[in-house]
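See structure below.
The values are calculated or read from the model by the stated rules, or taken from the named source; none is laboratory data. Just so you know, these numbers come straight off a predicted model, no measurement behind them. Methodologically, a virtual Cβ is constructed for each residue, glycine included, from the backbone with ideal geometry; neighbour enumeration extends over all protein chains shown. All accessible areas refer to the heavy atoms of the entire protein, side chains included, with ligands and DNA or RNA removed. Shrake-Rupley method; radii C 1.70, N 1.55, O 1.52, S 1.80 Å.
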Amino acid sequence: GGIITQTPKFLIGQEGQKLTLKCQQNFNHDTMYWYRQDSGKGLRLIYYSITENDLQKGDLSEGYDASREKKSSFSLTVTSAQKNEMAVFLCASSRFRDWGVSYAEQFFGPGTRLTVL
Amino acid sequence: GDSVIQMQGQVTLSENDFLFINCTYSTTGYPTLFWYVQYSGEGPQLLLQVTTANNKGSSRGFEATYDKGTTSFHLQKTSVQEIDSAVYYCAMRAGYKLTFGTGTSLLVDP
């Protein structure tokens, strides 16, 4: 078994502020992901990292940066917070390196809830 | 591009009622289909995977079916309980990306 830890659990920011969210996993998984969850819109992929030195843009990467510091950690930065923005950011990881070859279940963290004043 | 449509945003049932949630998908690839469940305050977790057309997956009393002809997949449970209250997401993997539906919030009244 393993666990995904996301910090902070709640994040309150100001408009225009640069905000960083952190994710740690102890599954020893190769691949990590960041999703944004908005009410009524499901989960949308922001960035993912197939291996430790890889970084790939998802469908919603504009306005975000990501960094895979080591195999177990993956950070997401909101480059300029938007006023009245509210969303939950979910980190996930999976075991296999290549989705195209074999299926690997994604395990999710509990999320960071962002509110921008 | 790839898309998954999940029309039922909210469903309210009583205990022992029948649950049926439907999703349709669109892709040019060969999809693998999933159902995820998200309980309040937690991240989503895998409920079921369905990989073969017209075959069912099952877990925790839930069953999933997949119809390649209509590009649709369904989640059902014969008798829901209050503990099943959660948000259910259908999802599709085609290539490297996992595409989620918009979620169905299920509330089961005791």
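Here the spin labels are modelled as points 7 Å beyond Cα on the Cα-Cβ line, and at B:SER26 and A:THR77 they lie 3.7 nm apart.
So which GluC sites (Glu not before Pro) in the range A:20-82 end up in coil per DSSP with only 12 or fewer other C-beta atoms within 10 Å? Don't jump to the answer; show the numbers that get you there.
Values: sites: A:GLU52, A:GLU62, A:GLU69; in loops: A:GLU52, A:GLU62.
When the GluC sites (Glu not before Pro) of the range A:20-82 are filtered for loop state and at most 12 Cβ neighbours within 10 Å, A:GLU62 remain.
Spacing of the modelled spin labels on B:SER79 and B:MET7, each 7 Å from Cα toward Cβ, amounts to 3.0 nm. The alpha carbons of chain B occupy a box of 43, 28, 21 Å along the principal axes, longest dimension given first.
Exactly which trypsin sites (Lys or Arg not before Pro) in the range A:1-65 are in a DSSP loop and have at most 14 other Cβ atoms within 10 Å? Don't jump to the answer; show the numbers that get you there.
Numbers: sites: A:LYS9, A:LYS18, A:LYS22, A:ARG36, A:LYS41, A:ARG44, A:LYS57; in loops: A:LYS9, A:LYS18, A:LYS41.
Within the range A:1-65, the qualifying trypsin sites (Lys or Arg not before Pro) (loop, at most 14 other Cβ atoms within 10 Å) are A:LYS9, A:LYS18, A:LYS41.
Interface size, chains B and A: roughly 1700 Å² of accessible area buried, both sides included, 1.4 Å probe, rounded to the nearest 100.
Taking only the Cα atoms of the protein assembly as shown, the radius of gyration and Dmax are 17.6, 50 Å. Would you be so kind as to list the residues of the range B:70-105 that have their accessible area lowered by at least 30 Å² in the full protein complex compared with their chain by itself (1.4 Å probe)? The answer is B:TYR89, B:ARG93, B:TYR96, B:LYS97, B:LEU98, B:PHE100, B:THR102 - residues whose exposure falls by at least 30 Å² when every protein chain is included.
Overall, the accessible surface of chain B at a probe of 1.4 angstrom is composed of carbon and sulfur to the extent of 48 percent.
The number of Lys pairs in chain A with C-alpha atoms less than 15 Å apart, excluding pairs fewer than 8 positions apart on the same chain, is 4.
The mean count of C-beta atoms from other chains within 10 Å of the C-beta of residues in A:41-47, rounded to a whole number, is 5. Is there a quick way to get the dipole size of chain A? I mean about its Cα centre, with the Cβ of Lys and Arg at +1 and of Asp and Glu at -1; what is the value in debye to the nearest 20? In total the dipole reaches around 240 debye. For trypsin sites (Lys or Arg not before Pro), the sites in the range B:9-110 that DSSP calls loop and that have at most 16 other Cβ atoms within 10 Å are B:LYS56, B:ARG60, B:LYS68.
All alpha carbon pair distances within chain A were sorted into 10 Å bins beginning at 0; the resulting P(r) in whole percents reads 15, 49, 29, 7, 0.
Ignoring aspartates and glutamates fewer than eight residues from B:LYS77 along the same chain, the ones with Cα atoms less than 19 angstrom from its Cα are B:GLU15, B:ASP17, B:GLU63, B:ASP67, B:ASP109. Modelled spin-label separation between B:ASP67 and A:GLU62, with each label point placed 7 Å from Cα along the Cα-to-Cβ direction: 3.8 nm. Compactness check for the range B:1-49: Cα Rg over 2.2 N^0.38 Å is 1.39. The apolar share of the surface of the range A:13-117, taken as the fraction of accessible area on carbon and sulfur atoms (1.4 Å probe, ligands and nucleic acids excluded), comes to 43 percent.
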